[in-house]
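Report on one structure; see the data block that follows.
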Amino acid sequence: GVELLLHGLCSNTTVKSLDLKGNNLRTVGAEALGKLLRQNKSIRSLILEWNSLGVWEEGFSFFCQGLGANNFLQRLDLRNNQINHQGAGELAMALKKNASLQELDLRWNNIGLLGGRALLNCLHSNKTLKRLELAGNNVPSDILKAVEQAMDHNQDRQTILSETQNRAYILSKEVLSLKDEKTKQFLDLMDTIDKQREEIARSGRMSAARVSQLQEALDEQHSIMNSLKAKLQMTEAALALSEQKVHNLGELLNATKQEQTSMAERHFTELQQQKQEGADREGKLLRDLSAASEKNLLLRNQVDELEKKCKVQQDQLFQVKQDLTNTTAELKLRAVQAEERLEMEKRRFKQSLEDMESLQLKEVDHMTQHIEASERSMQDRIQRLEAIRIALEEELSQVKAAALTERGQAEEELIKVRNRARLEEQQRLEHLEEKLRLMTESRDEAQNCCLKQKQMVGEAQAKANQLSLHADGLRRRLEELQQDLNSKEEEKVAEVNKVKVELREQIGHLQAERTAQEGLREKIAALERQLKALSSNHREALLDKEGEISMLLEKLRMKEADISRMREEEAQRASFLQNAIMAYVQGSPLGTHSSRK
């Protein structure tokens, strides 16, 4: 029945414990048990108490062979089975091959001294057996103590192995978690770096668009300046025409002077002739008076024409002034528009700087939180990184302060330039008003002179001299007007140069912003380098941990070597004790009596 039962259990995979206590198993049962232990892989506990397996030597040897081939059984109970020292030797051979049995109960058998030594010797190679019960087997106490010490060593070794396995498992988990965290951090950093690069590209595009807008504004101002130059050329042409007209008037005045001189000579000749011919003189005088009156009328007509021409020139000057005022107003409007554009660009730049600062602060906070959560053991390195971050923030604050100071200086310079331009415009207007007043006074004087010429016909020469003097004054005034126009042209050129200088300064500010952006890119590259250094440091830390694990494994090997040395020493002691006991037994009277027999 046992043979059939065990044959059926050979292919079973669910039974974990088998109790066959007190079933009087014989050779057939022992052989079936050996076959079961060879084939079954699920039984962990086997109880064979009160079966007298030691009596059947062949069956027990077959059972021991099956036990040596099994690597799944953990507990074996062989109490009260009449196992002698030969059976113990076969069990020792099986235990040398077995690597899974942890508890073996051999109480109340007949193992004796030789069986105890055989079991003690097998324990040097078996390192999995934790518990071995040998009570009631006539085994000496020193062997029992040696067996207990071996069991303690095995238990210690098992605990150390389990602890090392647990530690290795925990360390592997920690290493995997650290690797995952580092990969996540690296991916997050790469995302943030990509975002920063995109923002930098956007800012570059915006700056390029701003530069293009400023260039368009410059082109517009250049076109305006070209139009102003064209207007100035037109005014110069008008002034050249007026100069030609004045020259023609001067020639007419010279011709009138020559005529007057010729008329005076004629009068002198006529007076001489009047002495000779009185009647003819009277007729000639009447004729001369009529001719003089006609000439006076002609002169009056010429003076009226000159006054009309002066009025036309004044109107032209007034139009030129209006054009100048319009151009100044247009320039003011353009300056206001340029200032508004500058303010808008400043606001956008401030917003971009604030966004960049907020992003950098968020990234730094995120990095510090992850580093504090994952790497508490690396506080020194984190402190260094925090010091570097503080230095970077100080540098950013310094750069901001420098930018703010530069903006304040630029605004103060703009305010000063505006005030200067306003003062210069006010001075120019006052100067032009004084010139207009002088022109009106000169016009009034010319009118008075014309009235005097109408009243005093007899004093033609004095009036001619006065007219020549007046013509000289007009020439001087025309020269002064030309000088004023030249000075206005120079002032306009100076204003154009100032505008160009301001635009160049704006371009320089934009270039400075570009350099600042390049500095930010360099800082980003430095942060990437720091991240690479951190990754290398983490790799070094992982390598250090792996080195520590290897050191622990070497320590375990050293401990195992020490345990093996202890076992060898204990085996040597046991052999020494055995030899001593054998010598003592042989030297005793019992040994002599047995030898005589």
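The values are calculated or read from the model by the stated rules, or taken from the named source; none is laboratory data. The model shown is predicted, which means the values in this text are computed figures rather than measured ones. Cβ: placed from backbone, ideal geometry, glycine included. Neighbour counts: every protein chain shown. When the accessible area is computed, the model is the full protein with side chains, heavy atoms only, and any ligands, DNA or RNA have been set aside. Shrake-Rupley method; radii C 1.70, N 1.55, O 1.52, S 1.80 Å.
Where in the stretch 1-97 are there strands (runs of 3 or more DSSP E), lying fully within it, with 2 or more residues that are buried (at least 20 other Cβ atoms within 10 Å of the Cβ) and not aromatic (Phe, Trp, Tyr)?
Details: elements: 17-19, 45-47, 75-77.
So the answer is 75-77.
Residue 261: among the β-branched types (Val, Ile, Thr) and within 30 Å of residue 332 (Cβ to Cβ), yes or no?
Values: among the β-branched types (Val, Ile, Thr): yes; within 30 Å of residue 332 (Cβ to Cβ): no.
The answer is no for residue 261.
Evaluate the following for residue 165: is it part of a helix (DSSP H, G or I) and either touching a residue at least 60 places away in the same chain (Cβ under 8 Å) or surrounded by 11 or more Cβ atoms within 10 Å (Cβ to Cβ) (or both)? Give the steps one after another, and end with the answer.
Details: part of a helix (DSSP H, G or I): yes; either touching a residue at least 60 places away in the same chain (Cβ under 8 Å) or surrounded by 11 or more Cβ atoms within 10 Å (Cβ to Cβ) (or both): no.
No: the conditions fail for residue 165.
Among the residues of the stretch 1-35, the ones that are in contact with a Ser or Thr (Cβ under 9 Å, 6 or more places away or on another chain) and acidic (Asp, Glu) come to 1 in all.
Considering 548, 570, the condition of being assigned to a helix (DSSP H, G or I), farther than 30 Å from residue 234 by Cβ, modelled with pLDDT of 80 or more and open to solvent by less than 90 Å² (accessible area, probe 1.4 Å) is satisfied by 570 alone.
Kindly check whether there is at least one residue in the stretch 127-145 that is open to solvent by 60 Å² or more (accessible area, probe 1.4 Å), small (Gly, Ala, Ser) and within 17 Å of residue 572 (Cβ to Cβ). Among the residues of the stretch 127-145, not one is open to solvent by 60 Å² or more (accessible area, probe 1.4 Å), small (Gly, Ala, Ser) and within 17 Å of residue 572 (Cβ to Cβ), which makes the answer no. Considering (1) under 30 Å from residue 114 (Cβ atoms); (2) open to solvent by 80 Å² or more (accessible area, probe 1.4 Å), the lone condition that residue 179 does not fulfil carries the number (1). Across the stretch 82-100, the qualifying residues are those that are closer than 24 Å to residue 24 by Cα and aliphatic (A, V, I, L, M), and the one among them that is nearest to the chain's Cα centre (by Cα) is 94.
Let's see how each residue does on (1) of a type in the set (Ser, Thr, Tyr); (2) at pLDDT 75 or above; (3) in a helix (DSSP H, G or I); (4) within 60 Å of the chain's Cα centre (by Cα):
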| site | (1), (2), (3), (4) |
| --- | --- |
| 429 | no, yes, yes, yes |
| 433 | no, yes, yes, no |
| 446 | no, no, yes, no |
| 450 | no, no, yes, no |
| 454 | no, no, yes, no |
| 457 | no, no, no, no |
| 466 | no, yes, yes, no |
| 491 | no, yes, yes, yes |
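For residue 524, the conditions (1) among the β-branched types (Val, Ile, Thr); (2) surrounded by 16 or more Cβ atoms within 10 Å (Cβ to Cβ); (3) more than 30 Å from residue 396 (Cα to Cα) all hold with the exception of (3).
Being more than 15 Å from residue 491 (Cα to Cα), open to solvent by 100 Å² or more (accessible area, probe 1.4 Å) and out of contact with any Pro (no Cβ under 8 Å at 6 or more places or on another chain) is true for just one of 437, 443, 407, 422. Which residue is that? Even if it seems obvious, please write down each step before you answer.
On the way: 443 fails: open to solvent by 100 Å² or more (accessible area, probe 1.4 Å); 407 fails: open to solvent by 100 Å² or more (accessible area, probe 1.4 Å); 422 fails: more than 15 Å from residue 491 (Cα to Cα).
None of the other options fit; the residue is 437.
Among the residues of the stretch 110-137, those identified as of a type in the set (A, V, I, L, M), over 13 Å from residue 95 (Cα atoms) and not in a loop (DSSP other than H, G, I, E, B) are 113, 114. Restricting 346, 309, 321 to those that are modelled with pLDDT under 75, surrounded by 14 or more Cβ atoms within 10 Å (Cβ to Cβ) and of a type in the set (Lys, Arg) reduces the list to 346.
When the stretch 471-489 is limited to residues that are open to solvent by less than 60 Å² (accessible area, probe 1.4 Å) and closer than 30 Å to residue 295 by Cα, the one that is modelled with the lowest pLDDT turns out to be 471. Let me confirm something: among 188, 219, which residue is in a helix (DSSP H, G or I), in contact (Cβ under 8 Å) with a residue 24 or more places away in the chain and among the charged types (D, E, K, R)? Answer to the selection: 188.
Is it the case that some residue within the stretch 236-257 is hydroxyl-bearing (Ser, Thr, Tyr) and under 60 Å from the mean Cα position of the chain (by Cα)? Even if it seems obvious, please write down each step before you answer.
Here is the first cut: in the stretch 236-257, the ones hydroxyl-bearing (Ser, Thr, Tyr) are 242, 256.
Still in the running and under 60 Å from the mean Cα position of the chain (by Cα): none.
Looking for residues that are hydroxyl-bearing (Ser, Thr, Tyr) and under 60 Å from the mean Cα position of the chain (by Cα), one finds none in the stretch 236-257, hence no.
Pairs are defined by a Cβ separation below 8 Å, a sequence spacing of at least 6 or placement on different chains, a first member in the stretch 396-420 that is part of a helix (DSSP H, G or I), and a second member that is open to solvent by 60 Å² or more (accessible area, probe 1.4 Å) and of a type in the set (Lys, Arg); the pairs so defined are 417/498. Just one of the listed residues (26, 44) is within 22 Å of residue 106 (Cβ to Cβ) and modelled with pLDDT of 90 or more, and it is 44.
Report yes if residue 253 is open to solvent by 40 Å² or more (accessible area, probe 1.4 Å), within 30 Å of residue 470 (Cβ to Cβ) and at pLDDT 80 or above, otherwise no.
On the way: open to solvent by 40 Å² or more (accessible area, probe 1.4 Å): yes; within 30 Å of residue 470 (Cβ to Cβ): yes; at pLDDT 80 or above: no.
No, not satisfied.
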